[in-house]
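Here is the structure we will look at.
Every number here is computed from the coordinates shown, using simple stated rules; none is lab data. Computed from a predicted structure; not experimentally measured. Reconstructed Cβ throughout: ideal geometry from the backbone, glycine too, with neighbour counts over all protein chains shown.
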Amino acid sequence: MTAGSILQKLARLRTTGRPRVLDLFAGCGGLSLGFAAAGYALCAAVEADPEAARSHGLNFHGGAPEHSRHRDIVTTHPEELAAELGLEPAKLAVDVIVGGPPCQAFARVGRPKLREIDAHPEAFRHDPRARLYLEYLRYVDAFQPLAVLMENVPDVLNHGGQNVAEDICEVLAGKEYVCGYTLLNAVHYGVPQMRERMFLVAYHREVAGAVQFPEATHRFVLPRGYHGTRAVAKKYLRERSPGQSDLLAEADGRPHSYVEPPDTNGAPLEAVTAGDALGDLPPIYAREQLAAGHLRRGARRFDALVRYDGRRRVSAYAHAMRTWPGFEAPDGLMDHVIRYLPRDYEIFARMEPGDQYPQAYQRALDMLGERVAAMRRKGVTAIPGSPEYEQLRKAIVPPYDPGKFPNKWRMLHRKEPVRTLMAHLGKDSYSHIHYDKAQARPISVREAARLQSFPDGFVFCGTMNPALRQIGNAVPPLLAKTLAEKMKDTLEAAALRRASTLPNRTAQALHPPLDATADATPA
């Protein structure tokens with residue numbers, strides 16, 4: 001990779017001030033939204049899921065067909081994308097690449113193998129596990145960004161005994177990038193959700209000599225389980241020894257680029273809670289709607305406006321979600337819909353905040369006992385094991401073993417952040433049951449979006465289940481924005497320091513300022 005394109009980009013940043021972003025594995029656009037809010041320009045995205053790609057194109061490019069098309073990164077090579085979207089020459093068109101290739105794509109591939117894959121353009125044909133990782137590297141090679149941001153689950157630090165994040169750093173170091181990675185929890189950055197993820201940032205050596213991560217803005221003591229997850233992820237890292245360099249060392253003695261997360265105890269703000277995030281939204285009384293016939297089986301479409309309830313308190317967080325620049329929703333919501341779960345609404349009404357599946361299962365058994373007793377009073381006997389009893393039990397009691405699925409259900413606490421939203425929320429929303437027992441229901445699509453810090457005007461294409469999958473897969477936009485701002489400070493400092501090596505007129509001639517097609521103006 002030549003330094004010429006890097007210096008030309010730094011010169012351009014000095015004159016226009018808007019870094020251009022390419023989002024790989026973009027989903028509906030959690031990272032894109034955060035970077036756009038931080039002042040970046042979104043020039044392109046690559047996403048294989050059709051509905052997520054449509055969501056991304058609609059929110060960031062007004063639904064333009066070329067930006068709403070789903071693309072498989074394996075079959076969409078960088079040069080093809082650049083030509084299709086008018087990003088030529090590719091090596092001058094992008095300043096930052098963001099995204100998170102699925103770790104399954106390159107897990108259990110050792111360092112020597114990764115170097116072999118990266119060096120041999122056809123190696124992926126012999127090792128398909130490396131395909132997505134290789135394609136990500138090809139985009140770095142083709143677009144020669146000033147910086148890279150990658151996101152993944154904490155287990156990427158210890159995937160079958162392999163530190164995949166360190167392997168990524170080693171390959172990027174061979175491309176003249178300085179890397180650092182850490183574990184950040186979204187709750188410490190204003191998101192009402194305890195969501196732990198690995199973030200890797202890399203800068204070209206002409207940009208920076210070290211990586212720093214943003215300071216925490218919100219304080220919250222994580223439950224023990226989160227500390228355990230972090231400890232397992234860091235198993236192959238050990239503490240800095242006296243006289244050791246800034247790079248820590250792995251258990252095998254090799255240096256690594258892990259950076260300790262910022263201290264959260266001194267953060268200035270209290271964590272945002274579920275009540276802060278959801279308390280202003282219109283209530284959905286599931287049992288009443290079911291009884292009235294307003295809640296039925298079938299696909300949940302976003303074709304009916306639900307107006308805000310003006311009597312409810314609007315927290316600072318809720319106000320920010322209603323008024324996010326470019327994604328305002330002054331009148332109400334189009335996706336405030338819930339799953340049809342007629343068997344379970346009554347169980348939800350009996351649960352207490354913090355209850356999980358064992359407690360819910362016991363509530364269901366209590367209900368079964370009450371129904372059997374009521375039948376006896378009417379002279380009808382339902383003996384355990386009889387067809388009548390088993391039919392009644394099936395209608396009331398969930399079939400899952402409480403010993404095997406203790407975390408399958410969970411009722412939220414109003415005064416606490418929520419646990420991690422998962423991608424399978426659309427098929428199993430019992431993990432986030434609304435804290436209001438009177439409503440007795442799982443969270444809605446819009447409530448999931450609120451808990452992930454998507455603004456109310458952000459549109460999710462498809463029906464309920466695809467929308468919930470998009471939300472659960474996303475990086476929380478507020479956390480993405482904080483990371484983007486920190487990276488932008490580094491890029492701007494580098495532009496001021498380095499851009500003088502190339503006259504501004506030359507930089508502008510080689511790559512003129514952005515036009516409307518490269519902007520991130522929302523629909």
Taking Val187, Val259, Val306 and counting other beta carbon atoms within 10 angstrom, the fewest-first order is Val306, Val259, Val187
For the chain the mean separation of alpha carbon contacts under 8 Å (6+ apart) over residue count, i.e. relative contact order in percent, is 21 percent
Counting every C-alpha pair in the chain, the percent lying more than 43 Å apart is 22 percent
Going fewest to most other Cβ atoms within 10 Å around each Cβ, Ser5, Ser386 line up as Ser386, Ser5
Least to most buried among His188, His218, by other C-beta atoms within 10 Å and fewest first, runs His218, His188
For the chain, percent of DSSP beta bridges that are antiparallel (nearest 5) comes out at 55 percent
From DSSP H assignment alone, runs of 4+ in the chain each adding -39500 (n - 2.57), the sum over residues rounded to the nearest 500 puts [θ] at 222 nm at -10500 deg cm²/dmol
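From the C-alpha gyration tensor of the stretch 1-95, pull out the three semi-axes of the equivalent ellipsoid (sqrt of 5λ each), sorted largest to smallest, in whole Å.
Numbers: eigenvalues 108, 53, 21 Å².
Values for the stretch 1-95, descending: 23, 16, 10 Å.
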The summed charge of the Pro268 Cβ neighbourhood (under 14 Å; Lys/Arg +1, Asp/Glu -1) stands at -2
Under 5 Å from the placed amide H of Val272, counting only residues 5+ away or on other chains, we find Gly190
Checked against a 18 Å limit on the C-alpha separation, the offending pairs among Lys394/Lys427; Lys9/Lys91; Lys175/Lys481; Lys91/Lys175 are Lys394/Lys427; Lys175/Lys481
